[in-house]
Each structure stands twice: as structure tokens, then as C-alpha cells.
Amino acid sequence: MRINTTLNYSPNFDQKKRRFKQIKFIIFHYTGMKNEKQAINRLTNNRSKVSSHYFVKKNGKIITLVPELYTSWHAGISFWKKYKLINKYSIGIEISNPGHNYKYKKFSKIQIYSVLKLSKYLIKKYKIKNQYILGHSDIAPLRKKDPGEKFPWKYLSKNKVSLWHNLNQQKLVKIRKKKIDKFDEYNFLRNLYKIGYSKHSYDNKNKNKHIKLLTKAFQRRFRQEIINGIIDKECLAISENIAKNLK
């Protein structure tokens with residue numbers, strides 16, 4: 001499989017080349033800027049200190065910003081399972097979208113087609129596991145919301161890109177907003193850690209606030225209809241299903 005891209009190299013990457021086998025993750029982002037031109041300028045400006053490997057435009061065209069075997073600066077402080085500082089283990093993909101601060105929009109069909117095609121190419125090339133195909137908010141839940149609740153994780157999963165649950169939607173709706181007890185909350189968090197969300201995501205000084213942000217990150221990914229940071233029986237059921245089905 002070949003991916004056609006336009007080259008627009010960014011200076012924002014580590015000079016030392018990494019090993020092929022170091023690449024374990026795909027991380028999706030939205031640009032979170034008012035327009036596409038501003039986003040590309042920022043990702044290619046050496047003063048911004050940010051970049052990604054690929055940029056998917058609104059029209060579906062793909063730009064290569066950093067060659068894959070170099071570490072681009074897209075993830076920042078980040079954690080997943082035993083990994084921290086995910087930049088050096090990942091391919092970063094920026095997708096043009098104004099994000100939550102600028103009238104967050106649905107991703108276009110042609111964008112998602114390009115994301116899917118690019119992802120399948122990378123999965124095959126680097127043998128990337130579905131549990132390591134993530135959003136920025138998964139690996140940095142206290143800081144980030146992207147790619148957000150409008151990103152079609154369920155659709156990608158049906159096409160063998162990323163994780164999703166296999167529970168009946170009608171049954172889930174019936175337990176939505178139903179309260180849980182402290183033991184259920186403990187089990188929910190335990191499931192999240194098994195899935196890969198990191199215990200480093202919060203400290204005991206702000207534990208309740210941080211658990212709420214962690215829950216919102218999970219909801220943006222797996223329960224996109226309501227993002228309220230409240231753990232209910234639906235969230236618990238989804239977390240159990242995903243944790244149980246991990247390979």
C-alpha cells in the first residue's frame with residue numbers, strides 16, 4: 001500500500017534517528033486553531049516547538065511534516081501503560097479541525113477516509129496494536145481534549161483501527177446516568193489502568209478533580225454522547241468490556 005503525501009517539512013523534531021521497532025503508537029490530534037493555514041504555519045515554525053509526522057487537511061490531502069523515523073513533538077508530557085513521554089514511541093497525526101475553543105466541528109468524510117488509509121498503512125508497516133492507537137486526550141487526560149467526542153472511534157474500530165466495545169447500545173442507554181457506589185468506582189478506575197490510562201494522570205492533592213478529567217477522557221473516547229466526568233453504570237460496563245477483551 002502506498003500513501004500519497006505532500007512534503008512540507010517541520011524543523012521541530014529530534015535530530016537523532018530512532019529505531020524502527022521503537023514505534024508502537026499512533027496518536028491522533030485535532031489542530032485546535034481557527035483555520036488550516038494557521039495550523040500548518042504553527043507546525044512548521046521553529047519557534048512553536050510543536051509538530052507531528054502527518055497533517056490531514058479538510059479536503060483529505062495528507063502532508064508529511066516529519067519523516068517517520070524521527071521523533072516529532074506532538075504529545076508532550078504523556079503516559080500509557082508502562083510508557084511515558086510518548087513522542088519517542090509514536091507517529092503523530094494532526095487532523096485539521098478548529099476544536100473545542102473555536103466551534104468544534106465534525107470531521108469530514110474525506111478526512112476520515114484519509115485517516116483510515118494512513119492508519120492502516122502505519123499499522124501494517126510497524127505492526128501497531130489496536131490498544132496503542134489513541135487520542136491525545138487518552139495519553140494526557142489532564143491537559144487535552146483532542147481529537148474529541150466527534151472523532152469517529154467506533155467507525156474506525158469497525159475498520160480494524162483502534163478499540164471499541166461490543167455491547168448492545170440499547171442496553172447501555174438503559175443504565176446511563178445510573179449511580180454507582182465506591183466499590184464500582186474502584187473497579188472502573190482499575191479497568192482504566194488495565195486498558196492503559198495511567199495512574200500518573202493524577203496526584204492525591206487533586207484526586208477528585210483529576211479522576212473527573214480522566215473519566216471525561218474515557219467518555220470522549222468510548223461514551224461520546226455525554227461528557228460530564230461522572231462515572232455511571234454505563235461507563236463501568238463499557239470499561240469492563242474493553243478491559244476484558246484486550247489481547
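Worth pointing out:
- For the range 196-210, the set of residues classified as buried (at least 19 other Cβ atoms within 10 Å of the Cβ) and in a helix (DSSP H, G or I) consists of Ser201 only.
- Take the conditions (1) under 17 Å from Leu7 (Cα atoms); (2) of a type in the set (Ser, Thr, Tyr); (3) exposed (fewer than 14 other Cβ atoms within 10 Å of the Cβ); Tyr102 misses just one of them, which is (1).
- Verdict on Asn4 being modelled with pLDDT under 95, polar (S, T, N, Q) and more than 22 Å from Ile139 (Cα to Cα): yes
- If you go through the range 125-155 and pick out every residue that is at positive phi and surrounded by 18 or more Cβ atoms within 10 Å (Cβ to Cβ), you end up with 1.
- Selection count, the range 177-224, where residues are in contact (Cβ under 8 Å) with a residue 60 or more places away in the chain and charged (D, E, K, R): 3
- Tally, over the range 148-193, of residues that are within 25 Å of the chain's Cα centre (by Cα), of a type in the set (Phe, Trp, Tyr) and outside any loop (DSSP other than H, G, I, E, B): 5
- Scanning the range 78-132 for residues that are more than 27 Å from Leu142 (Cα to Cα), aromatic (Phe, Trp, Tyr) and either in contact with a Phe, Trp or Tyr (Cβ under 9 Å, 6 or more places away or on another chain) or without any contact (Cβ under 8 Å) to a residue 40 or more places away in the chain (or both) gives a single hit, Tyr126.
- Test: residue in the range 39-51 that is buried (at least 22 other Cβ atoms within 10 Å of the Cβ) and within 14 Å of the chain's Cα centre (by Cα): no
- Test: residue in the range 217-233 that is touching a Ser or Thr at 6+ places or on another chain (Cβ under 9 Å) and either in the same structural domain as Gly148 (by TED's automatic domain parsing) or on the phi > 0 side of the Ramachandran plot (or both): yes
The values are calculated or read from the model by the stated rules, or taken from the named source; none is laboratory data. Everything quoted here is computed from the prediction, not taken from an experiment. With ideal geometry, Cβ positions are generated from the backbone for all residues, glycine too; neighbour counts draw on all protein chains shown.
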